[in-house]
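Report on one structure; see the data block that follows.
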Amino acid sequence: MVFSYQPTPAHVDMPIHAASTQRRHFSPTSSSSRTIVSATLDLEDKIGAGQCSKVARNVNMENLRGNYLFPEIAMRELEHARRYPNEQLIRLGIGDTTQPIPRTIASAMAEQALALSTDRGYRGYGDEQGNKELRMAIANTMYRDMGLMWEEVFVSDGAQCDISRLQMLLGPRVTVAVPDPSFPAYVDSSIIVGQAGKFEEATGKHQNIVYMKCLPEDNFFPDLTNTPRTDIIFFCSPNNPTGAAATRSQFKRLVDFARSNGSIIVHDAAYSAYISDGSPKSIFEIPGAKEVAIEISSFSKFAGFTGVRLGWTVVPNELTYSSGFPLIKDYNRIVCTCFNGASNIAQAGGLACLSPEGRQALNKLIEFYRGNAEILVDAFQSVGLKAYGGKNSPYAWVHFPGSSSWDIFNKILEKTHIVTVPGVGFGPGGEEYIRVSAFGKKETMLEASERIKTLLYNNLN
């Protein structure tokens, strides 16, 4: 389906200003969003005026393609809200959780915070790698029977921060492959550390990055038979944005591919708690993976910790460089140099998440978001569109054949006052798609479903 849609001046791609790499949710009426736009305009006024330093700009930063995806969406959302101040805006774009953190988990954090006011309960710096009790709980709960030790678990302030720390570890001389489409931080961090090379306008790709095309015909799993060898392979299951979870046989193909090529897989398991069909929740369920893989994960999306900030990375002792030197020793040095450890309050919450009571409460949250995703997938499928995801993720990935994903984003925003995410923001393979988030109240999803069906039905008829 092709939308013959010509954007009005308000919809034309806006100049990209503010730079950010946060997975933040910006409300168009929030002080944060207003501050970004205001500060950007102030900065533009000052460029070229006054005295400059004699320090050259990092050439890698010059290679970044304008703004990070989500602040760009926030600016368009802000402009739309200004034009339609009386319309109820539904935000199904940035994947920010919306349901309250279960009381048993919040209570653990409150108790830890209150203890800081006492002589007995006060703590200063903790271990940079994380509190031992939480590291043991992660190893025993998330990696039971996989042969991993708690010392291989590094607690952090979130998966996205760990991506950057891993890039610092790997350095600029490695070659990199990414799924296409995939979470944009893989590419942006590769650019920043100098791995990516020049951007090619004709293809929408960076010349030194291998983009592994992921198509629905193979459950959005890359064709490894046509993938050249790279040092590093980024992989995400369930995939963000498509919502596809790799099967056990697909994971085995990936691990075998890495082993035969001497590559290292960086597996992003941030959405693994949403898997409901028996697909592996960790790459370490696959024999031999500990010799070729690192896994990052997060409490953000399954525990509502997007603002609390807590995650972890697993670096197995068996994983070594070509020289035989263990990566875990270098990663430990990176962590100790660049990070003072996650908040003790957040770690108390993480420990409560992994308790039987906490896990039971969080399973209800996950089911709630999956139910929302099913509502959205059904809405798009009811008008004849191909919609993926929902089953193993909190997202719907929707195909609009022959259409520009930014045009679709703009049309849905203009006609329904719903914010989505244009698929091309996840790589050239995301063109013709949009991603729709299921984070929100059920009644919001039902309202969004009706608006979407009305728009698309009228367009088709």
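The values are calculated or read from the model by the stated rules, or taken from the named source; none is laboratory data. Everything numeric here is computed off the predicted structure, so don't read it as measured data. Ideal geometry is used to build each Cβ from the backbone, glycine not excepted, and the neighbour counts take in all protein chains shown. To get the accessible areas, we keep the full protein, side chains included, count just its heavy atoms, and leave off ligands, DNA and RNA. Shrake-Rupley method; radii C 1.70, N 1.55, O 1.52, S 1.80 Å.
Observations, loosely collected:
- Against the list (1) of a type outside the set (A, V, I, L, M, F, W, C); (2) loosely packed, with under 14 Cβ neighbours inside 10 Å; (3) within 21 Å of F284 (Cβ to Cβ), the condition Y84 fails is (3).
- Across segment 432-461, the qualifying residues are those that are of a type in the set (D, E, K, R), outside any helix (DSSP H, G or I) and in contact (Cβ under 8 Å) with a residue 60 or more places away in the chain, and the one among them that is farthest from Y68 (Cα to Cα) is K441.
- Filtered residue count, segment 57-72, keeping only those that are free of Cβ contacts under 8 Å to residues at least 12 places away in the same chain and surrounded by 15 or more Cβ atoms within 10 Å (Cβ to Cβ): 0
- Within segment 340-365, being surrounded by fewer than 19 Cβ atoms within 10 Å (Cβ to Cβ) and under 21 Å from the mean Cα position of the chain (by Cα) holds for one residue alone: N363.
- Identity of the residue in segment 185-224, among the charged types (D, E, K, R) and in contact with a helix residue (DSSP H, G or I) (Cβ under 7 Å, 6 or more places away or on another chain), that ends up farthest from A270 (Cα to Cα): K205
- Pick from segment 101-125, criterion part of a loop (DSSP other than H, G, I, E, B) and closer than 22 Å to T306 by Cβ, ranking: farthest from the chain's Cα centre (by Cα): P102
- Restricting attention to segment 404-423 and to residues that are open to solvent by 10 Å² or more (accessible area, probe 1.4 Å) and in contact with an Asp or Glu (Cβ under 8 Å, 6 or more places away or on another chain), the residue that is nearest to I452 (Cα to Cα) turns out to be H417.
Residue by residue, here is whether (1) at pLDDT below 95; (2) in contact with a helix residue (DSSP H, G or I) (Cβ under 8 Å, 6 or more places away or on another chain); (3) surrounded by fewer than 18 Cβ atoms within 10 Å (Cβ to Cβ) holds:
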site: T97; (1), (2), (3): no, yes, no
site: T104; (1), (2), (3): no, yes, yes
site: S107; (1), (2), (3): no, yes, yes
site: A115; (1), (2), (3): no, no, yes
site: L134; (1), (2), (3): no, yes, no
site: A137; (1), (2), (3): no, yes, no
site: S164; (1), (2), (3): no, yes, yes
site: Q167; (1), (2), (3): no, yes, no
site: P172; (1), (2), (3): no, yes, yes
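- Summed over segment 313-326, the residues that are surrounded by fewer than 19 Cβ atoms within 10 Å (Cβ to Cβ), assigned to a loop (DSSP other than H, G, I, E, B) and not polar (S, T, N, Q) give a count of 4.
- Flag for I294 being open to solvent by 10 Å² or more (accessible area, probe 1.4 Å) and either at pLDDT below 95 or among the β-branched types (V, I, T) (or both): no
- Subset of segment 275-312 (residues that are in a helix (DSSP H, G or I) and under 14 Å from the mean Cα position of the chain (by Cα)): S300, K301, F302
- All positions within segment 276-291 that are of a type outside the set (K, R) and either surrounded by fewer than 20 Cβ atoms within 10 Å (Cβ to Cβ) or farther than 22 Å from R370 by Cα (or both): S276, D277, G278, I283, F284, E285, I286, P287, G288, A289, E291
- Residues that are of a type outside the set (A, V, I, L, M) and open to solvent by less than 20 Å² (accessible area, probe 1.4 Å) within segment 327-339 comprise just one, Y331.
- Every pair of residues 6+ apart whose Cβ atoms lie under 6 Å, when the first sits in segment 138-149 and is within 14 Å of T313 (Cβ to Cβ) while the second is open to solvent by less than 20 Å² (accessible area, probe 1.4 Å): I138/V153; I138/W312; A139/V153; L148/A139
- Residue satisfying all of: in segment 198-214; part of a loop (DSSP other than H, G, I, E, B) and touching a residue at least 60 places away in the same chain (Cβ under 8 Å); farthest from E432 (Cα to Cα) among these: K198
- Condition check for A244 on (1) in a helix (DSSP H, G or I); (2) crowded, with 17+ Cβ neighbours inside 10 Å: one failure, at (1).
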